[in-house]
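> First the structure, then my questions, so here it is.
The values are calculated or read from the model by the stated rules, or taken from the named source; none is laboratory data. Keep in mind that what you see is a predicted model, and the values were worked out from it rather than measured. Heads up, the Cβs are rebuilt from the backbone with ideal geometry, glycines too, and the neighbour counts pull from every protein chain shown.
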Amino acid sequence: MTVYFIGAGPGAADLITLRGARTLASCRVCLYAGSLVPADLLAECPPDARLVDTADLDLDAITGEFVRAHEEGHDVARLHSGDPSVFSAVAEQMRRLDAAGIPYEVVPGVPAFAAAAAALKRELTVPTVGQTVILTRVAQQATPMPDGEDLATLGRSGALLVLHLAARYVDRVVAELLPHYGPDCPAAVVAMASRPDELVLRGTLDEIAGLTKEAGVTKTAVILVGRTLAASQFRDSHLYDPARERHVC
């Protein structure tokens, strides 16, 4: 018996990986967050699979489902939105599984920031403009941020910032980043990335809070701030430079 943490992708059912879909189809138990994972994905489960919506379950209850499946000898598909490596709360689940002696594996998925970049039709790393992407969030009613990871500190880098779980606090985000990025810095909000109701908002850092509130976006969104979002004047990548020495095997 194995617990498989599967990245379900950003929302569109067809953005799960082939490995993820195959693993999902082989598990007799599936735990999923009903508010985040598309219902269409559950059709990939075996017809007799036990489906458990974890939206209203705490960590103890989720662990109990793992233990029950382990005792019954059933593999578990633990579906997480996006990719399990970022803001997925899998670390504490893995810690519980380690303590219980239950094996697990991770199947990566398409993260929300990648889906947002696709919606914006932008490369997030542009030569001579920006080569660093910082994935972060804000601490409001959630777990406090570690020392040195506040927006003021991260903003000093000037790197492209991608903020998860922050749309509800967009005013605060703007206020803390304005001194470092300036009011004219390109910014965007992508809500429900890859889904039929996807919404893309573009503007400057000085405008994005108003646009976000006017659109009523408060969740299932990422905020992006950085110069690469509107870069047009930049040198071509060295990768395809005709002057680059190439070795043909």
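> Just wondering, is there one or more residues in segment 49-64 that are touching a Ser or Thr at 6+ places or on another chain (Cβ under 8 Å), under 28 Å from M192 (Cβ atoms) and surrounded by 19 or more Cβ atoms within 10 Å (Cβ to Cβ)?
no
> Another question about this same structure. Which number in (1) of a type in the set (V, I, T); (2) farther than 16 Å from V222 by Cβ; (3) modelled with pLDDT of 95 or more marks the one condition that T125 misses?
Single failed check for T125: (3).
> Please specify each residue of segment 139-170 satisfying the condition of being over 22 Å from T228 (Cα atoms), touching a residue at least 24 places away in the same chain (Cβ under 8 Å) and either surrounded by 17 or more Cβ atoms within 10 Å (Cβ to Cβ) or not polar (S, T, N, Q) (or both).
Selection gives R168, Y169.
> In this structure, is F87 modelled with pLDDT of 95 or more and hydrophobic (A, V, I, L, M, F, W, C)?
For F87, the condition - modelled with pLDDT of 95 or more and hydrophobic (A, V, I, L, M, F, W, C) - is not met.
> Considering only residues that are surrounded by fewer than 24 Cβ atoms within 10 Å (Cβ to Cβ) and touching a residue at least 24 places away in the same chain (Cβ under 8 Å), look in segment 21-40 and name the one that is farthest from A117 (Cα to Cα).
Among residues in segment 21-40 that are surrounded by fewer than 24 Cβ atoms within 10 Å (Cβ to Cβ) and touching a residue at least 24 places away in the same chain (Cβ under 8 Å), the one farthest from A117 (Cα to Cα) is R28.
> Okay, next question. Has segment 13-21 got any residue that is within 24 Å of the chain's Cα centre (by Cα), farther than 30 Å from L199 by Cβ and hydroxyl-bearing (S, T, Y)?
The answer is no, given that none of the residues of segment 13-21 is within 24 Å of the chain's Cα centre (by Cα), farther than 30 Å from L199 by Cβ and hydroxyl-bearing (S, T, Y).
> State all residues of segment 159-191 that are assigned to a loop (DSSP other than H, G, I, E, B) and at pLDDT 95 or above; if no residue qualifies, say none.
Within segment 159-191, A159, G182, P183, D184, C185 qualify.
> For G9, are the conditions met, namely being in contact with a Ser or Thr (Cβ under 8 Å, 6 or more places away or on another chain), crowded, with 21+ Cβ neighbours inside 10 Å and not aliphatic (A, V, I, L, M)?
So G9 fits the description; yes.
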